[in-house]
Amino acid sequence: MIKVITYGTFDLLHIGHIRLLERAKALGNYLIVGVTADDYDKSRGKINVQQTLIERIEAVRALGIADEIIVEEYEGQKIDDIKKYNIDIFAIGSDWKGKFDYLNEFCKVIYLERTKGISSSQIRDEKSKIKLGLVGDSSYLIKFAKECFFVNGVEIVGICTNNVNLYKNKLNIKYYTDDFEELLKQVDSVYIYSNPLERYRLVKRALENKKNVMCESPITLDSNETKELFSLAKKNKCLLQENIKTAYVTAYNRMLLLVKTGKIGNVVSLDATCTSLDRQEGSVNWNSIYRWGPTTLLPVLQILGTNYKSIDIITSNTNKLDFTKINFLYEHSVAAIKVSNKIKSEGEMIISGTEGYIYIPAPWWKTDYFEIRYEDSSQNKKYFYQLNGEGIRYQIAAFVHALQINQSFEYIENDISICISKIMNLFSTKNIKI
């Protein structure tokens with residue numbers, strides 16, 4: 001018996017996939033197909049795969065070509081699989097020619113010609129093309145625009161800004177100087193990273209024009225306004241996605257899952273810190289609570305909930321010090337967050353439970369690694385996950401995917417967005433200037 005193995009994502013299964021599998025099967029008597037897992041795809045830069053792993057496996061199985069289907073989960077698995085299944089031939093598309101020659105040491109490598117003019121990337125691009133406009137005066141938008149190039153189906157049409165000089169020679173797009181209405185006519189979606197005081201007006205106007213919106217957190221500085229915007233989005237059948245890049249990071253989501261499944265027992269304490277000395281972002285000069293607050297609030301509200309018993313905001317906003325600490329008291333737990341634009345501290349997060357604790361080193365908000373630690377250190381475990389683009393490209397991909405399937409997966413639940421706005425309002429009533 002001649003055993004053949006091949007691998008692929010097999011997203012949006014098409015005729016090119018089918019022909020490749022048929023050719024691979026013809027090389028031998030028994031075909032094993034490796035379907036790549038979601039996390040492994042992300043590590044290879046495939047971040048906007050449209051179908052789940054289960055859907056992709058079932059699509060391959062339904063063809064009836066594969067004799068056996070396995071899941072590819074890690075770098076180097078191909079060698080392990082070739083040895084484990086006594087493979088005679090490794091077959092792969094010709095667009096990978098030369099990349100897998102090293103496997104000739106273990107079996108015969110054959111590169112198969114692909115069907116020209118057909119690819120999953122092309123199909124995704126055609127199905128999910130969105131015309132995106134950028135809004136704001138921050139250099140962060142330059143980084144955001146660059147990350148859009150890693151996601152299929154996104155075309156940046158232009159930017160509405162008062163600070164054109166900030167983007168000249170950096171963004172080759174059309175400028176709409178303080179002309180938001182004109183930008184809205186040219187796009188179907190917008191990404192807003194404006195002054196927090198302006199976001200309510202801009203998001204509302206976009207939704208009234210039935211445009212989909214990605215808005216950096218906080219969406220507004222008032223919980224009632226945020227509720228209103230979510231209601232308007234639902235009424236006009238638009239997507240309103242709040243952007244906190246940490247919420248879309250794989251390691252962070254895995255950490256949340258482990259916490260909620262009781263890996264450290266009941267959570268009794270959470271401490272998170274976000275500080276930076278780089279407080280100037282173009283013409284942006286916001287208080288740290290608006291820049292860092294939503295990020296540090298995210299794990300508190302997602303793990304401990306929005307129904308805290310009391311909240312204490314301690315802040316100092318002077319020319320020499322921009323520092324805020326917020327203490328939360330829950331029925332059976334406490335939390336503390338610290339943010340600043342003018343001091344530097346260890347940006348770590350520690351989640352303490354009745355059976356152990358989770359340690360996420362600095363910078364925890366864009367982590368690819370965390371540890372679960374116990375009283376018996378021999379039980380400690382480390383977790384590593386690939387991170388590309390600080391999480392920015394993942395939130396863009398989530399936005400595109402939600403529009404594609406006409407259904408959003410709430411990385412940030414609406415009640416958490418509303419609670420963040422509520423806390424921002426509590427802060428602003430202390431007469432702190434943005």
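Throughout, read-outs are computed from the coordinates displayed, never taken from laboratory work. Given the structure is predicted, the values throughout are model-derived calculations rather than measurements. Positions of Cβ are backbone-derived with ideal geometry, glycine not excepted, and every protein chain shown enters the neighbour counts.
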By DSSP, what percent of the beta bridges with both residues in the chain are antiparallel, rounded to the nearest 5? 40 percent
With all pairs of different alpha carbon atoms counted, what Kirkwood hydrodynamic radius in Å does the chain show? 23.9 Å
May I ask for the angle, rounded to the nearest 10°, between helix 250-260 and the longest principal axis of the chain, with both axes built from Cα atoms and the value confined to 0 to 90°? 80 degrees
For the range 290-333, what is the per residue volume of the convex hull drawn over the alpha-carbon atoms, in cubic angstrom? 69 Å³
Computed over the range 250-386, the convex hull of the Cα set has an average projected area, in nm², of 9.0 nm²
Under 27 Å Cα to Cα from Lys78, which lysines show up? Leave out anything in the same chain fewer than 8 places away. Lys3, Lys25, Lys42, Lys46, Lys97, Lys99, Lys108, Lys116, Lys381, Lys382
If I take R0 = 30 Å and measure r between the Cβ atoms of Asn162 and Asn380 in this structure, what FRET efficiency does the formula 1/(1 + (r/R0)^6) give, to the nearest 0.05? 0.05
Set of lysines with alpha-carbon distance to Lys234 below 17 Å, sequence-local pairs under 8 removed: Lys204, Lys210, Lys211
Work out the FRET efficiency for Arg61 and Glu113 from their Cβ-Cβ distance, taking R0 = 25 Å, and round it to the nearest 0.05. 0.55
Need one number: nm distance between label points at Ser310 and Glu75, each 7 Å from Cα along Cα→Cβ, rounded to one decimal. 5.0 nm
Label-point separation in nm, Tyr369 to Glu198, each point 7 Å along Cα→Cβ: 4.0 nm
With label points built 7 Å along Cα→Cβ from the Cα atoms of Lys97 and Glu410, find their separation and express it in nm. 5.1 nm
Total charge dipole magnitude, the chain, about the Cα centre, Cβ charges on Lys, Arg, Asp, Glu only, Debye to nearest 20: 800 debye
Summing -39500 (n - 2.57) over every DSSP H run of at least 4 in the chain, dividing by its residue total and rounding to the nearest 500, the 222 nm mean residue ellipticity is -10000 deg cm²/dmol
Which lysines does Lys342 reach when only Cα atoms under 25 Å apart count, and residues fewer than 8 places away in its own chain are ignored? Lys143, Lys245, Lys320, Lys325, Lys366, Lys422, Lys430, Lys433
